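Structure first, then comments.
The values are calculated or read from the model by the stated rules, or taken from the named source; none is laboratory data. Fair warning: this is a prediction, and the values are worked out from it, not measured in the lab. Don't worry about glycine lacking a Cβ; one is built from the backbone with ideal geometry, like all the others, and counts go over all protein chains shown.
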Amino acid sequence: MESLTPQEIDRVIEMAWEDRTPFDAIRKQFSLKEADVIALMRRELLPKSFERWRKRVSGRATKHLKKRTFTSGTFKCDAQRAITGNRISKR
């Protein structure tokens, strides 16, 4: 974890905040286990921000590949509108 550049640390934090990016993707790209990501977030974030992040990701199925309800591609909500030609299509 000490060998990460400031840009890589920023990217890990960004990926950790994203709901759809699993910890496995962070592990594959940066060789950080979930516990390492938690330690990095604890060290780099303000205490309240860390608490907010932990509350957000705790129990979130999308952060763990084995808990996801979809296996390939990305999840798309039925309520999400289709976007075509840089315009949101109307229903």
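Look at (1) in a helix (DSSP H, G or I); (2) exposed (fewer than 14 other Cβ atoms within 10 Å of the Cβ) and you find that residue 12 fails only one, number (2). The residues on offer are 48, 66, 76, and the sole one that is at pLDDT below 80, of a type outside the set (A, V, I, L, M) and not in a loop (DSSP other than H, G, I, E, B) is 66.
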